Amino acid sequence: MTPDHLLTRREGAVLVLSNNNPAARNALTPGFYTGLTEALHAAAGDASVGAIVVTGEGGHFCAGGDLRQLIHRRELPIGERRQRLELLHNLVRALRDCPKPVIMAVEGAAAGAGLSLALAGDMLVAAKNAQFSVAYVKVGLTPDGGATALLSEFVSRQVLTELCLTGERVSGERMHQLGVVNRLVEPGQALAAALALAQQVAAGPELATARIKHLCRVAPRNTLEQQLELEALYMPLSQETEESREGINAFLEKRAPDFAKLRSSKPG
């Protein structure tokens, strides 16, 4: 464990990054923002990492920002308050820009900035009884961490406004119905299910996976013409890779492709 409450471990090609601050229901700290951001940057350049799982210890994903720290920020100049907030926003950007697929495993609370963090991943696995909340309004604050942008990809403006103005808790089941959650599981099974999904994704082709992630990230805000242009950029590039050679040959030879051998030939 590091001082920033970040636990790291490997499950084969999957890197597991865990918030280990259970006494505060994994409330976020500046050290955790920095530690997780640095871990994502390191994983981006590590060919042995095929996918990443982010989770929380002790039965909760993340209860949001630490209010005991936030209450003192009003005493800081507004520029310094903005600078502190950028630690969170840089983490969201790191999740967006990391070429490795990032899967969030949510048990218990995902509130405030914890909700933002959960939505910032590429896929989300949640327990049925997990509780998601845009909780800022309950303490007189406004959303951050991209919560409004990320939620707006799934819900109407009316639903988005209701969730933000009431701060009501929404169950994992309801989030699954809204299309936010990829896999809905029994309580206590989110990490195992996220690991299984991550192992499946990690077995795929590294370069193609990174390009597919980017295509999916920008698709909601691109026009059709912009998306066609990006696809026209990536497809010819993908056609010349060893990954596509292996994938096509495997298909024609009626065998499973072995993309792992291509990863293992690169420095970790």
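Counting 0.36 nm for each residue step from residue 47 to residue 254 and taking away their Cα separation leaves a gain of 71.8 nm. When the Cα centres of the range 199-268 and the range 59-102 are compared, how far apart do they sit, in Å? If you average the Cα positions of each part, the centres end up 32 Å apart.
Considering only 176, 72, 60, give the residue with the highest GNM mean-square fluctuation for the chain, with springs between Cα atoms whenever their separation is below 10 Å. Per the Cα network of the chain with a 10 Å cutoff, 72 tops the list. Given +1 at the Cβ of Lys and Arg, -1 at the Cβ of Asp and Glu and no other charges, the dipole of the range 123-268 around its Cα centre is 340 debye to the nearest 20.
The charge dipole of the chain, taken about the Cα centre with unit charges on the Cβ atoms of Lys, Arg (+1) and Asp, Glu (-1), comes to about 440 debye, rounded to the nearest 20. Put 166, 142, 55 in order of accessible area, highest first, and with a 1.4 Å probe you get 142, 166, 55. Set Lys and Arg Cβ to +1 and Asp and Glu Cβ to -1, take the dipole of the chain about its Cα centre, and tell me which of 33, 167, 199 lies farthest positive. Projecting each Cα onto the dipole axis, the largest value belongs to 167.
List the trypsin sites (Lys or Arg not before Pro) in the range 62-99 that DSSP assigns to loop (not H, G, I, E or B) and whose Cβ has at most 14 other Cβ atoms within 10 Å. Which are they? Listed in order of number, the matching sites are 74. Taking a straight Cα-Cα cut-off under 20 Å and skipping sequence neighbours fewer than 8 places away in the same chain, the aspartates and glutamates within cross-link reach of residue 261 are 11, 46, 206, 240, 242, 243, 246, 253. Net charge in the neighbourhood of residue 73 (other residues with Cβ under 15 Å of its Cβ; Lys, Arg +1, Asp, Glu -1) is 0. The alpha-carbon of residue 128 sits under 19 angstrom from the alpha-carbons of these aspartates and glutamates, leaving out residues fewer than 8 places away in its chain: 57, 107, 168, 173, 186.
The values are calculated or read from the model by the stated rules, or taken from the named source; none is laboratory data. As the structure is a prediction and not an experimental result, all values here were calculated from the model. Cβ sites come from the backbone with ideal geometry, for glycine too, and all protein chains shown count toward neighbours. The area values use the complete protein model at the heavy-atom level, side chains included, leaving out ligands, DNA and RNA. Shrake-Rupley method; radii C 1.70, N 1.55, O 1.52, S 1.80 Å.
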